[in-house]
Every structure is written in structure tokens, then in C-alpha cells.
Ligand code: PEP
Ligand code: MN
């Protein structure tokens with residue numbers, strides 16, 4: 001349920017409503033907008049007497065929230081969530097680009113790529129140290145050594161870094177290196193992991209599971225939010241369909257849909273979304289046109305010899321060309337890059 005306060009309601013009136021909700025054994029989520037204050041009520045499983053709250057002084061109305069996600073919903077939090085990261089804002093007017101290799105393979109590979117994506121204008125360096133591979137015989141990532149290289153690349157380029165955390169027990173280690181924690185598609189419903197990153201002090205990028213609905217994605221975001229971390233970024237990375245020509249089917253309709261349902265920033269991953277480097281640039285441009293707040297793109301200096309996801313990785317020069325094209329699309333939709 002949300003309680004919409006009257007325009008200009010006094011602080012004391014808001015405090016009384018909050019106190020009453022807490023007495024009912026419910027939790028409160030306050031959203032103080034420019035126009036009015038909205039109080040989100042997170043129930044305890046028992047019915048909430050909305051009429052009683054609606055009669056309180058300063059209250060305009062009480063509206064039941066029928067959707068199963070609350071903290072992630074736009075009803076609870078009408079304005080966009082925007083938060084700073086290393087001098088840029090995520091969720092604001094600027095479209096944020098995260099770029100780098102699928103996996104950290106060695107020092108030169110990572111540092112070369114980091115310099116190249118930085119020169120091209122990327123805002124965040126990506127690189128996997130713990131890799132969730134379908135086969136246990138495929139390269140599993142460099143682990144802790146990879147995280148140290150990521151720290152070196154951050155130091156040299158000044159770019160913040162995003163990297164995947166695969167298990168709750170890895171959260172403390174990965175948090176010491178990463179500026180953004182990535183939850184991979186395969187982990188979207190690992191509730192112990194969502195709980196752990198919900199208690200961490202880092203922004204989290206949550207990728208949509210390969211067979212997950214938009215509502216399931218938002219319910220997973222709700223886990224992170226409900227454990228106290230309000231810096232959650234949603235990521236559309238393609239879902240599995242019957243179409244074999246692409247690795248996944250990139251669901252770009254999820255972008256405006258998520259923006260409608262939720263206040264959280266939305267990032268698109270056209271690399272995993274298509275599996276083919278030739279399709280990455282057109283889908284990246286389409287994502288920006290559709291309202292994405294950011295992109296995450298795999299870049300490799302030698303895609304032919306990449307240890308993972310070479311077929312969907314852009315060479316640095318192609319990434320640089322894409323950044324120029326994206327600037328034009330961003331401008332057309334009132335954004336910057
Ligand atoms: C990745 O970003 O390299 C990755 C493994 O992505 P996903 O979890 O979307 O498959
Ligand atoms: Mn990858």
C-alpha cells in the first residue's frame with residue numbers, strides 16, 4: 001500500500017502516519033518528491049487497514065499496490081533512481097557505457113583493452129574474474145588474480161570497474177575490488193547471493209535470467225532492495241527463445257516496460273543479447289533509442305583468440321566507432337553519452 005500525502009503536508013503529519021504504520025508492525029519506505037511525500041507501506045503478511053490511514057491528518061489517499069514488487073516499483077518511488085559513480089550519474093540524462101573483455105585473461109590483455117575503451121569514451125571497465133561457464137571444462141576465470149589486475153587497470157585509467165560475483169562467500173572479496181557488483185543471468189534467482197549483495201555497500205547490476213520474466217527480474221531486485229541496498233541497476237541481456245540464429249533474443253521492449261514499472265536504472269547488454277558482434281552496434285543504438293540508461297559491451301583486442309565470448313566481442317576500433325554513432329542516437333532522444 002502507498003499513502004499519498006497532501007501537497008504541502010506538514011512534517012509532523014508525515015511523522016504521525018509513519019508512527020502509525022510502524023505500530024501496525026509494517027515497514028515504511030519514504031519518498032519525498034518535490035510535489036508531495038509518498039509513504040510506502042511494506043506489509044507483514046496481515047491485511048493493512050488503509051481506510052484508517054486515509055483518515056489521518058495530511059493524508060490525501062491510500063492506494064493498494066497490487067504488484068508483488070514494492071520497493072522496486074514506480075508507485076513506491078515515482079522519480080527515477082539516480083546515483084553517482086566516479087563523477088558520472090547512473091540513471092540520469094547521460095547514458096553510461098561499460099565496456100571491456102568478457103573475461104580477464106592476462107595483464108596485457110586487460111590493460112590494453114582498458115586503455116582502448118577509456119580512449120573511446122567508456123565510463124566503466126568490465127571484466128570477469130569469476131566466470132559462470134556452461135561447461136566445467138571451459139576457462140573459469142582468473143579469480144582473485146584477475147581482481148588484482150582489475151584494480152591495476154582502475155588505477156591506471158581511473159575507470160571504475162564492474163565484475164561478477166557468483167557466490168555469497170565471494171561477496172567480501174569482490175567488494176574490495178569492484179565498484180559495481182554484477183549478478184549474472186545464471187544467478188538471478190540465487191536468493192542467498194541476492195541477500196548478501198543486498199547487505200553490501202556497493203551498487204549491484206542484476207542481469208535478467210535467461211528464462212526469466214520481467215516480473216521475476218523485479219522480484220529479484222526486490223530481494224536486494226529489501227536487504228538495504230538501494231543502488232540496483234537492472235540489465236536486459238536477452239532471453240532464450242526458439243530462435244537459433246542468435247545466442248539469445250534481446251528483449252528491447254523490456255526497456256520501456258521496466259522504466260514504466262520501476263524507478264531503477266536499466267542497462268542493456270547487446271553482446272550476450274545477440275551473441276554476434278555484427279549485431280551489437282545496431283542493438284546498442286536501438287537500446288539507447290528505447291530509453292536505456294546504459295550499455296554493457298564486450299570488447300576484445302583479438303576476438304578470434306578470446307578465451308570466452310569472442311564471437312560477440314567488438315574490436316576496440318569498432319567499439320570506438322560505435323561510441324560515435326551512439327552520441328547521435330543519444331542526442332536524438334534528449335540524452336548524452
Ligand atoms: C558476462 O557478462 O560475461 C556474463 C556471463 O553474462 P550473463 O550472466 O548475462 O550470461
Ligand atoms: Mn561474456
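Values in this text are rule-based calculations from the coordinates and carry no lab data. Worth saying up front: this structure is predicted, and the values here are computed from it rather than measured. When we count neighbours, we look across all protein chains shown, and the Cβ atoms used for this are built from the backbone with ideal geometry, even at glycine.
Listing 31, 187 from fewest to most neighbouring C-beta atoms within 10 Å gives 31, 187. Taking 0.36 nm per residue of separation and subtracting the current Cα-Cα distance, fully stretching the chain between residue 55 and residue 111 would add 14.0 nm. Take the Kirkwood radius over Cα pairs of region 152-217, plug it into Stokes-Einstein at 37 °C and 0.692 mPa s, and you get 266 µm²/s for translational diffusion.
Among 191, 137, which comes first, second and so on when ranked by fewest other beta-carbon atoms within 10 Å?
Values: 191 13, 137 7.
The order, fewest Cβ neighbours first, is 137, 191.
Pairs of Cα atoms nearer than 8 Å and 6+ residues apart set the relative contact order; for the chain it is 16 percent.
Per residue, the chain reaches -10500 deg cm²/dmol at 222 nm when only DSSP H runs of four or more residues are counted, each adding -39500 (n - 2.57). In region 2-63, the convex hull through the Cα atoms has an average projected area of 3.6 nm², a quarter of its surface area. Counting only DSSP beta bridges with both residues in region 78-173, the antiparallel share comes to about 40 percent.
State the three equivalent ellipsoid semi-axes of the chain, derived from the C-alpha gyration tensor as the square roots of 5 times its eigenvalues, in descending order and whole Å. Can you show the working numbers first?
On the way: eigenvalues 292, 83, 66 Å².
So the three semi-axes of the chain are 38, 20, 18 Å.
Computed from Cα positions, the angle between helix 107-120 and the longest principal axis of the chain comes to roughly 60 degrees. Could you let me know the centre-to-centre spacing of region 130-163 and region 16-54, using Cα atoms, in angstrom? About 43 Å separates the Cα centre of region 130-163 from the one of region 16-54.
What list do you get for 131, 6 if you sort them by fewest beta carbons within 10 Å? Present the calculation step by step, with values, prior to reporting the outcome.
Values: 131 21, 6 14.
Sorted ascending by nearby Cβ count, the order is 6, 131.
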